[in-house]
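The values are calculated or read from the model by the stated rules, or taken from the named source; none is laboratory data. Small disclaimer: the values here were computed from a predicted structure and weren't measured. Note that each Cβ is placed from the backbone with ideal geometry, even for glycine, and that neighbours are counted across all protein chains shown.
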Amino acid sequence: MPGFNISIGKYNFDFEAEQNHLKYDKLHENHFTAIQFTLKKFEDDKLFLNQNGLFLILEGIILNKKNLQGSFETWERAVVKLYKEKGDTFFKEFRGSFSGALFDKRKEKWIVFTDHIGTKNIYYSNIDKELYISSEIVQLYNLFQDNKISYSLDRQGAYMLLSYGYMLDDYTLCDKIRKLKPGCYIVFKQGQFSVKKYHTLPKEYDESITGGGAIEKVDHLFKQAVKLQFEKDVEYNHKHLVALSGGLDSRMASWVAHEMGYTDQLNFTFSQSDYLDETIAKEIAAALKHEWIFKALDNGLFLKELNRINKISGGNVIYYGLAHGYSVLRYINFDNLGILHSGQLGDVILGSYINKLKSTYTYTGQGAYSKKLINKLKKYGPIDKTSISMEQYLMQQRGFNGILTGNLPSQLYTETMSPFYDVDFISYCLKIPLKLRINHKLYKKWILKRYPKAANYIWQKTQAKITDNRWGIPYKGYKIPFKRLPAKILKKLGILKSGTHSSFHMNPLGYWYKNNPTIKAFQDTYFQDNIERLKGMKEIKSDCRYLYKNGSPKEKNQVLTLLAALKLFF
């Protein structure tokens with residue numbers, strides 16, 4: 001049988017956790033080598049099983065494990081039974097954040113999978129009927145180098161990073177490596193390789209859903225999702241760790257969990273000092289009587305962690321978005337803490353990426369950090385330009401491929417979940433007609449009807465309470481309260497600084513770049529020291545010079561991310 005190398009788990013690449021926090025298992029047989037190097041946290045959910053003609057490696061947390069296990073004596077037996085009953089897609093029954101691989105020795109068949117929305121990365125390379133699989137792209141680069149397998153920078157991947165700031169579809173920066181898409185699995189049998197899909201997002205709206213009925217169903221499914229993930233902490237006797245910012249999503253995750261009795265929460269926040277993320281989160285945590293910690297991002301010092309962050313991400317996503325979270329997580333003692341609960345994806349699942357109702361939609365450039373080089377990419381997006389098709393596409397690309405990469409630093413220390421990740425919650429919400437969800441209509445109605453006290457605090461996006469947002473001027477999918485119009489006009493005229501050039505921002509990159517000489521010096525030096533790594537790629541080199549010289553602080557970060565990946569892996 002063709003060779004097979006697999007590594008599932010958190011590969012120890014400059015990882016600071018002490019060895020007693022880690023679990024290591026390795027199995028070597030004639031036709032494959034498998035390694036699991038993972039955190040001991042939530043250890044009973046994870047498997048490294050080799051018996052009765054099956055090899056199984058399972059990583060992550062299975063929130064419905066107790067229900068699936070039922071009367072079986074062990075979790076191992078329950079999963080084996082599930083495979084025998086359900087076949088290749090047995091893992092479709094799992095709920096949570098997971099990935100894994102199963103080898104059926106009798107059938108000489110491998111099944112490699114990630115969860116429904118791809119919270120756990122799986123990278124693969126199929127070369128001459130030999131398959132390399134890893135949850136850590138760094139490990140694949142190491143395997144290539146050890147086995148003298150040649151590879152090079154993928155041109156499309158490079159321009160995705162320089163435009164969107166993350167990879168689209170299954171791309172990476174490497175021409176020999178692809179990423180397993182969310183809701184997909186690999187079948188590898190006797191040298192034959194295929195990628196199959198086991199989960200899809202809704203393909204049409206359910207027009208029978210009404211606003212009142214939707215609120216009740218949303219609330220039921222959301223509380224069900226909250227219970228599943230917070231009960232996992234209880235199962236392992238861990239304190240609840242819950243991110244909290246000035247937005248609605250993390251607020252509702254923490255608030256609803258609190259009302260359901262999960263009050264032993266440690267909230268944490270990171271942002272520029274005195275920005276709304278700090279002031280709002282502090283006020284909410286105090287009102288709920290939660291413990292709360294805050295990490296100031298002042299001066300942008302975390303931007304110097306360019307190499308370290310790229311070792312975590314493989315350079316496949318703009319680095320500053322991961323570096324700001326890593327800058328606080330690295331200082332937290334996770335010994336007695338459970339899942340890192342967040343509100344990720346909430347505003348685009350219960351709300352939408354779309355903020356205007358119209359018959360057709362444009363896909364190219366949606367969500368891109370930079371559009372200066374967007375013409376260097378193939379056109380992306382489905383032929384069907386309806387709103388449901390648009391939502392599917394943006395959720396897959398911006399949501400699953402883009403936003404979820406922000407979990408990579410936290411996965412070094414613990415597991416991550418959001419109630420909005422729940423596949424049953426997602427499936428229902430995306431069936432709700434867009435006219436009910438657009439511009440946070442349903443979201444705000446849900447809060448006001450079921451959790452009115454949560455509406456007593458400012459919403460960072462509008463800098464007003466959602467009760468104040470009923471009257472105002474429409475702007476980018478929400479209304480600007482009349483009292484904010486003078487400041488908005490002054491910003492548009494350039495009289496007041498705004499966005500990242502103002503200190504009043506969560507990540508004021510432009511402000512830091514201008515006011516902290518050490519950041520500018522670090523980034524400019526890094527650029528000069530590494531731009532020649534593109535000497536054999538004249539077009540990309542020229543475009544990087546242009547983007548770094550003429551681009552915004554975010555665009556400079558995109559260029560630096562690419563150069564760091566070249567330095568580390570190529």
Restricting attention to segment 75-132, the residues that are in contact with a Gly (Cβ under 7 Å, 6 or more places away or on another chain), closer than 26 Å to Asn147 by Cα and among the aromatic types (Phe, Trp, Tyr) number exactly 1
Among residues of segment 384-403 being among the charged types (D, E, K, R) and over 20 Å from the mean Cα position of the chain (by Cα), the residue surrounded by the most Cβ atoms within 10 Å (Cβ to Cβ) is Lys385
Quick count over segment 155-185, residues being within 20 Å of Asp128 (Cα to Cα) and of a type in the set (A, V, I, L, M, F, W, C), is 3
Filter segment 465-495 for residues that are out of contact with any helix residue (DSSP H, G or I) (no Cβ under 7 Å at 6 or more places or on another chain) and closer than 28 Å to Cys429 by Cβ; the one that is modelled with the highest pLDDT is Asp468
Over segment 65-89, the set of residues in contact with a Lys or Arg (Cβ under 9 Å, 6 or more places away or on another chain), without any contact (Cβ under 8 Å) to a residue 12 or more places away in the chain and within 16 Å of Tyr198 (Cα to Cα) is Lys86
In segment 324-344, anything within 26 Å of Leu303 (Cβ to Cβ) and not in a helix (DSSP H, G or I) is listed as Arg330, Tyr331, Ile332, Asn333, Phe334, Leu340, Ser342, Gly343, Gln344
Per the filter on segment 182-195, residues surrounded by 12 or more Cβ atoms within 10 Å (Cβ to Cβ) and out of contact with any helix residue (DSSP H, G or I) (no Cβ under 8 Å at 6 or more places or on another chain) are Gly183, Cys184, Ile186, Phe188, Lys189, Gly191, Phe193, Val195
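Residue under question is Asn237, and the condition is that it be outside the structural domain of Leu63 (by TED's automatic domain parsing), among the polar types (S, T, N, Q) and either more than 21 Å from the chain's Cα centre (by Cα) or assigned to a loop (DSSP other than H, G, I, E, B) (or both); does it hold?
yes
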Note to self: Taking the criterion of being basic (Lys, Arg), surrounded by 18 or more Cβ atoms within 10 Å (Cβ to Cβ) and not in a helix (DSSP H, G or I), would at least one residue in segment 440-455 satisfy it?
What the structure shows: no
Item checked: Filter result for Lys40 (without any contact (Cβ under 8 Å) to a residue 24 or more places away in the chain, farther than 29 Å from Ser418 by Cα, surrounded by fewer than 17 Cβ atoms within 10 Å (Cβ to Cβ) and touching a strand residue (DSSP E or B) at 6+ places or on another chain (Cβ under 6 Å)) -> no
Picked from segment 288-337 (must be among the small types (Gly, Ala, Ser) and more than 19 Å from the chain's Cα centre (by Cα)), the residue surrounded by the most Cβ atoms within 10 Å (Cβ to Cβ) is Gly300
Considering residues that are assigned to a loop (DSSP other than H, G, I, E, B), of a type in the set (A, V, I, L, M, F, W, C) and over 18 Å from Tyr166 (Cβ atoms), the number found within segment 345-399 is 3
Exactly one of Gly346, Gly351, Gly402 is touching a strand residue (DSSP E or B) at 6+ places or on another chain (Cβ under 9 Å) and either of a type in the set (Lys, Arg) or under 30 Å from Ile293 (Cα atoms) (or both), and that residue is Gly402
